[in-house]
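The values are calculated or read from the model by the stated rules, or taken from the named source; none is laboratory data. This one's a predicted model, so the numbers in the text were calculated from it and none came from an experiment. Note that we place each Cβ from the backbone using ideal geometry, even for glycine, and neighbour counts take in every protein chain shown. Areas reflect the complete protein model, heavy atoms only, side chains present, ligands, DNA and RNA absent. Shrake-Rupley method; radii C 1.70, N 1.55, O 1.52, S 1.80 Å.
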Amino acid sequence: MEKFLPAIFIMSVLVGAGKFLMRSGDGATGSEGNTELGQNDNVPVFENSQPWKTVNLEAESLPADVLSKVQEISVVDGTKTIAGVTVYFKEVAVTGTAVPLLLLHGAAFSSQTWLAPPMGTIQLLAAAQHRVVAIDLPGFGKSQGPGQIAPKRTSLFLDDIIADFQLDRPVIVSPSMSGRFAIPYLKEHGDRLRGIVTVAPVGTEVYSAQEYQSIQTPALIVYGEKDHGLGTSSTKKLQNLPNGQVVELANARHPAYLDDPDRFHKLLYNFLRQIEARGV
């Protein structure tokens, strides 16, 4: 068991907390049994009828009570054999009804990327009562197995991961290389997801605009302003998702979340709030 949280990270994420505005009311507009992020008695009212493409995904900052819990988060790591592959993972298991998340990674990174430093995404999400699983994809990081899984099997492999970890309709975060797994899964099994967050993923060129238009899964489509390769090409395809919103991170490179983690976390937080408010 590990604890990860340098003081510099706490200071960076606390910057946005002062602007968090709370509104008294009866609670969320989401489905029955929904647990609000941060477990507050006073929660912000979220607009759940506005189209996904135009809804404000920066309406609220991370709440102070979530940030105050980050230091308490313990991240457990281990391995599992799934579909013949020894998969290394990091996990925070929490009790609650908040949307679970599966965090993937790019070719130059691993599950370690989502810890603090550099990101702290695992701890923030867990502090907001989400169950979080981050894996090293086959042949990367500490996972064994083939570096290249046949394209026809990547979606099946991701389905096996979700089933083995018992993630009930998770939100997948998929940067870059991990699109080889996430994009086919989105196309084939989008109904098994509550949402997807992409950061310039590979593999988007496989499907047509019409095929993307048939997918109803909510999507947050992030890319860096300086990413003129995959950022531009993947966004051109993914913008056809009817329930997707495209967000450019200013002055950011291909791994845009690393260049602006505060804004990335704010977008992710609001995206999850919208999913819960709408009962997706």
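Per residue and in Å³, how big is the convex hull formed by the alpha-carbon atoms of region 146-195?
Details: hull volume 3.7 nm³, N = 50.
Hull volume over Cα atoms, normalised by residue count, gives 75 Å³.
Provide the net charge surrounding GLY145, with neighbours chosen by a C-beta distance below 15 Å and charges set as Lys +1, Arg +1, Asp -1, Glu -1. Could you put the intermediate results ahead of the total?
On the way: positive: LYS80, LYS142, ARG153, ARG180; negative: ASP136, ASP160, ASP164.
Around GLY145, the surrounding residues sum to +1.
Carbon and sulfur atoms: what percent of the 1.4 Å accessible area of region 126-205 do they account for? Present the calculation step by step, with values, prior to reporting the outcome.
Values: 1330 of 2770 Å².
Reported share for carbon and sulfur atoms: 48 percent.
Can you give the % of DSSP beta bridges in region 69-166 that are antiparallel, to the nearest 5? Can you show the working numbers first?
Working: 11 of 14 bridges.
In region 69-166, DSSP labels about 80 percent of beta bridges as antiparallel.
Might you tell me the accessible area per residue for region 201-280, computed with a 1.4 Å probe and given in Å²?
Numbers: 3100 Å² over 80 residues.
Using a 1.4 Å probe on heavy atoms only, each residue of region 201-280 averages 39 Å².
What's the Kirkwood radius of region 173-280 in Å, using all Cα pairs?
Numbers: mean 1/r = 0.0735 Å⁻¹.
Taking every pair of different Cα atoms in region 173-280, averaging 1/r and inverting gives 13.6 Å.
Quickly rank 152-164, 259-271, 69-81, 124-136 as a protection proxy: mean count of other C-beta atoms within 10 Å, highest first. Intermediate results must be reported in sequence, preceding the final value.
On the way: 152-164: 18.2, 259-271: 20.3, 69-81: 14.8, 124-136: 24.7.
So the order, starting with the most tightly packed, is 124-136, 259-271, 152-164, 69-81.
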